[in-house]
Structure formats: C-alpha cells, structure tokens
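The values are calculated or read from the model by the stated rules, or taken from the named source; none is laboratory data. From a predicted model like this one, the values you see are computed outputs, not experimental measurements. Here the Cβ positions follow ideal geometry from the backbone for every residue, glycine too, while neighbour counts run over all protein chains shown. Ligands, DNA and RNA are stripped out before the accessible areas are found, and what is left, the full protein with its side chains, is counted by its heavy atoms. Shrake-Rupley method; radii C 1.70, N 1.55, O 1.52, S 1.80 Å.
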Amino acid sequence: MTNSAWETLSNQAVAACGVVYFLALLAHLVEWSALRRLPVTAGSIPAAEATRTADQGDGSVAVAEGGPADPDTERRTALFGRLGLLLLVLATAVHFVALLGRGMAADPNRVPWGNMYEFTLSGTFVVSLGYLLLYRKFQLAWMAPIVAFVEVGLLMAAVIWLHDEVAPLAEALNSPWLVLHVVSAVIATGAFTLGGITSVLFLLKERALRKGSTGGYLARVPGPDRLDLISYRMHAFAFPVWTFAALISGPIWAHQAWSSYWNWDPKEVWAFITWVVYAAYLHARATAGWKGRHAAILALVGLATLWFNFIGINFFSTTSQHSYADAAPAIEAPAVPGLEAQGPPDAG
C-alpha cells in the first residue's frame with residue numbers, strides 16, 4: 001500500500017470507529033433505559049455490582065425502581081448490554097487500525113505520535129482499551145455509557161479541530177525516547193482519565209445517597225466505598241507511569257534535543273504541577289487517611305491540570321517549544337509540514 005492509501009485508511013478507520021462508538025453508546029443507553037423497569041438487584045450485567053454494593057451497607061441498592069422482574073425485559077437488557085460491549089470491542093479494534101494507518105502513512109514509517117491529533121487518537125485508544133482490560137476485574141459495566149460518550153466526544157474534537165496531515169518527524173523527534181516518553185504519557189493519561197471518571201461518579205453517588213435519592217442510573221453504580229477504592233487503584237497505577245514520563249524520560253529526551261534537562265517550557269511546568277497534585281493525592285491518602293469526597297476533589301484537580309497541560313497550553317502559550325503547541329517555536333528549526341516546533345511531542 002502507498003503512503004496516501006495508508007493515510008486514507010487511517011482517516012476512514014477514525015470515522016468508522018467513531019460511528020461504532022456511537023452505536024455502542026446507543027446500545028448501552030437502551031440497556032440502561034430498560035433497566036429502569038427492573039428492580040435494582042435484577043438485570044444481567046449490573047447485578048454483580050448491585051450485590052457487591054449491598055454488602056457494603058451503604059444503602060445504594062435498597063430501592064427497587066420497578067416491580068417484579070419481567071423475563072422479556074431482562075433478556076432485552078442482557079442483549080443490549082452484550083451488544084454494547086461487543087461494539088466497544090469492535091470500535092477499539094478499528095481504533096487501533098486508525099493508529100496503525102497513521103504510522104504506516106509516514107515516510108519513513110514512524111510511531112503515530114507526531115502531533116496533537118495523533119496523541120488524541122492514542123490517548124482515547126488507551127482509555128477504551130484500559131476499560132476493556134479492567135472490565136471484569138472491577139466489574140465496570142456501569143461505566144460503559146460514559147466511556148462510549150467520552151470516546152465519541154474526544155474523537156469528534158480531534159477530527160474537527162486537531163486534524164493534521166501525515167508528515168515526517170522533525171529530527172529531534174527521531175529518538176528512542178519518543179516511544180518511552182510518549183507511551184508512558186499516553187498510558188498514564190488514559191488511567192488518570194478513567195480514575196477521574198470514577199471520582200466524578202463517586203461525588204454524584206455520595207450526593208444522591210445524602211439526599212436519599214438512589215434511583216436512575218446511580219442506583220446501579222457501586223457504592224461510594226467501592227468507587228473510592230477503584231479510583232485510588234487507577235491513580236496508584238498511573239502515578240509512577242506519569243513520574244517516568246514527566247520526570248525521567250521527558251528530561252532525558254529534552255537534554256538530547258535541547259542540551260538541557262529543564263527549560264521552563266510551559267508544558268514542562270504544567271507536567272510538574274500535575275505530578276505535584278497527584279503526589280499530594282496519594283500522600284494524603286497514605287498518611288492523613290484522606291478518602292472519599294476530599295480525595296475525589298483533589299483527584300479531579302489533578303485531572304484538570306493534566307488536560308489543561310495537554311490541550312490548554314497549546315492555545316494559550318506563545319513560548320512552548322513542544323510540537324503540540326501552535327505557538328511560534330522558541331528555537332529556530334527547518335520548517336516541517338504539520339510540526340510547528342522542534343522538540344519532544346510532550347503529552348504533559
């Protein structure tokens with residue numbers, strides 16, 4: 001296949017996986033709509049989580065939304081639940097094809113992390129893949145519609161506002177540290193995002209329980225204790241990966257590219273701010289016993305700094321040397337189509 005054919009395949013795969021993610025979202029919405037006609041402890045997929053939260057004694061499954069379980073409704077619910085999961089698996093596979101096509105379309109072939117559009121494709125792929133890998137371990141059926149919605153929204157933003165044509169990497173990007181730095185940043189970003197989603201649901205679930213409202217979607221979300229534990233485990237996994245990306249591989253690569261480990265680049269500064277916030281989150285949990293609401297809020301502050309570093313800096317900074325920034329380069333470099341500056345395409 002020619003480079004243009006690979007690029008066309010990638011663009012078509014992005015459109016296709018976006019459509020499939022949307023169909024998965026619709027399937028899960030139908031599933032959860034049908035669940036409203038069943039008791040909270042009935043229904044196929046969320047039943048395990050409902051039982052688990054019942055054991056915690058937090059009252060999260062004490063209210064049944066419907067009357068006696070209807071066998072036809074249960075079968076329909078299970079069908080759309082399995083269909084939604086299958087569509088998420090298919091969308092993730094097509095998503096991978098889109099990434100593969102971007103890398104194969106370049107001459108020479110390269111990893112698909114040369115610009116902000118490609119990093120967005122990679123980050124959303126990790127979110128979806130991470131969800132599927134953790135689906136059984138943490139019984140994450142309740143997160144499916146949110147993951148599908150996030151995928152659709154971010155892919156639409158990437159296609160509409162961030163799309164760039166395939167271009168060769170700048171000379172400074174042709175380094176083994178590209179793979180180490182960006183892969184670790186992508187993995188950490190995906191895990192932090194999943195942890196942030198869980199933290200949001202924790203706050204909503206806790207608020208609903210305080211008000212005595214346990215109906216609707218939140219009735220089938222795990223109890224606050226379970227959500228708090230899942231969020232903590234995701235953040236505990238992501239933090240050392242982010243540490244390697246932001247404070248080890250990033251500075252080493254910067255030294256190779258710019259002859260300096262630290263340049264006070266806006267993305268470097270915000271990557272460190274993100275690290276400090278998440279370090280405070282884990283430290284507070286380990287030493288001060290912070291759990292629940294305070295921990296969830298601090299985790300969301302970290303997520304806000306992470307995504308501001310990823311997206312906001314590119315639109316507000318005029319001094320960033322990173323190739324994701326639309327600012328004028330601080331270091332003069334030969335113009336390369338699609339790359340505005342010479343330097344590591346830092347995710348954070």
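Couple of notes before you dig in:
- Ser184 under 25 Å from Phe315 (Cβ atoms), crowded, with 20+ Cβ neighbours inside 10 Å, in contact with a helix residue (DSSP H, G or I) (Cβ under 7 Å, 6 or more places away or on another chain) and not basic (Lys, Arg): yes
- Test: Met104 is touching a residue at least 24 places away in the same chain (Cβ under 8 Å), open to solvent by 20 Å² or more (accessible area, probe 1.4 Å) and in contact with a helix residue (DSSP H, G or I) (Cβ under 6 Å, 6 or more places away or on another chain): yes
- Residues (part of a loop (DSSP other than H, G, I, E, B) and among the β-branched types (Val, Ile, Thr)) located in segment 138-179: Val166
- For Glu268, the conditions (1) touching a residue at least 40 places away in the same chain (Cβ under 8 Å); (2) more than 24 Å from Ile248 (Cβ to Cβ) are fulfilled apart from (2).
- Yes/no for Ala47 being of a type in the set (Gly, Ala, Ser), farther than 29 Å from Thr120 by Cα and modelled with pLDDT of 85 or more: no
- Scanning segment 129-175 for residues that are within 17 Å of Phe192 (Cα to Cα), out of contact with any Ser or Thr (no Cβ under 7 Å at 6 or more places or on another chain), open to solvent by less than 30 Å² (accessible area, probe 1.4 Å) and not aliphatic (A, V, I, L, M) yields Gly130, Tyr131, Phe138.
- Conditions (1) open to solvent by 10 Å² or more (accessible area, probe 1.4 Å); (2) in contact (Cβ under 8 Å) with a residue 40 or more places away in the chain; number of the one not met by Leu194: (1)
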